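Step one of this worksheet: look at the structure below.
The values are calculated or read from the model by the stated rules, or taken from the named source; none is laboratory data. Computed from a predicted structure; not experimentally measured. Here Cβ is always computed from backbone atoms with ideal geometry, including for glycine, and neighbour counts include all displayed protein chains.
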Amino acid sequence: MAFLFDRSSVGPSEAPSLYNPAASEEDLARDLRTFVRGSGYLNGVDTEVRHVGGGRVDMWFAFPGLNLYVELKQDSTEEPVPDKSSYLNQAAAYEPSPASGSCSC
C-alpha cells in the first residue's frame, strides 16, 4: 500500500516507467523491488525468481516462515478482472503442494 500511495504522487522524472506506455512488467517489478529494499520494510525481496511452480515468478518476498510470490500483469484491456481467469490459474501454479514443500529461494 505504501508503494501505491507513494507512486500516486510522483511525476515522470521520479518514476518514468509509470508514464511510459511501453513499460514492461519487469520495469514495474524493478521499481517495486527498489522501493521495498529502500524502505527497510524487509530484506528478502527479489525479481524474476526461477524454479517456482515449475517456472519463474515476477517477485518474491520472504518473511520468517513464509514466502510470498507475486505475479505482475501488464494489461490495458477493459475486460473485468473476474474474466481474467488465466492470471489466476498462473498464480495458482505457484502454490506448493504438500509433497513439494516451498521454494528454497
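Looking at residue 42 and the list (1) farther than 19 Å from residue 28 by Cα; (2) of a type in the set (A, V, I, L, M); (3) touching a Phe, Trp or Tyr at 6+ places or on another chain (Cβ under 8 Å); (4) modelled with pLDDT under 75, which single condition is not satisfied?
(1)
Let me spell it out: the conditions are (1) at pLDDT 75 or above; (2) part of a loop (DSSP other than H, G, I, E, B); (3) over 26 Å from residue 40 (Cα atoms), and residue 100 meets all of them except one. Which number is the exception?
Among (1) at pLDDT 75 or above; (2) part of a loop (DSSP other than H, G, I, E, B); (3) over 26 Å from residue 40 (Cα atoms), the lone unmet condition for residue 100 is (1).
Being among the polar types (S, T, N, Q) and free of Cβ contacts under 8 Å to residues at least 24 places away in the same chain narrows it down to one residue among 86, 39; which is it?
The conditions single out 86.
Looking at the range 45-71, which of the residues that are among the aliphatic types (A, V, I, L, M), at pLDDT 80 or above and under 14 Å from the mean Cα position of the chain (by Cα) is farthest from residue 1 (Cα to Cα)?
Among those that are among the aliphatic types (A, V, I, L, M), at pLDDT 80 or above and under 14 Å from the mean Cα position of the chain (by Cα), it is 49.
For the condition farther than 18 Å from residue 74 by Cβ and not polar (S, T, N, Q), what is the one hit in 29, 22, 2?
After ruling out the rest, the residue left standing is 2.
Considering each of 39, 9 in turn, give the residue that is among the hydroxyl-bearing types (Ser, Thr, Tyr) and exposed (fewer than 11 other Cβ atoms within 10 Å of the Cβ).
From the options 39, 9, the qualifying one is 9.
Considering only the range 6-21, I want to know if a residue exists there that is touching a helix residue (DSSP H, G or I) at 6+ places or on another chain (Cβ under 8 Å) and under 24 Å from residue 85 (Cα atoms).
So far as the range 6-21 goes, no, none of its residues is touching a helix residue (DSSP H, G or I) at 6+ places or on another chain (Cβ under 8 Å) and under 24 Å from residue 85 (Cα atoms).
Only residues that are more than 15 Å from residue 29 (Cβ to Cβ) and either touching a Ser or Thr at 6+ places or on another chain (Cβ under 7 Å) or loosely packed, with under 12 Cβ neighbours inside 10 Å (or both): list them for the range 45-54, please.
51, 54
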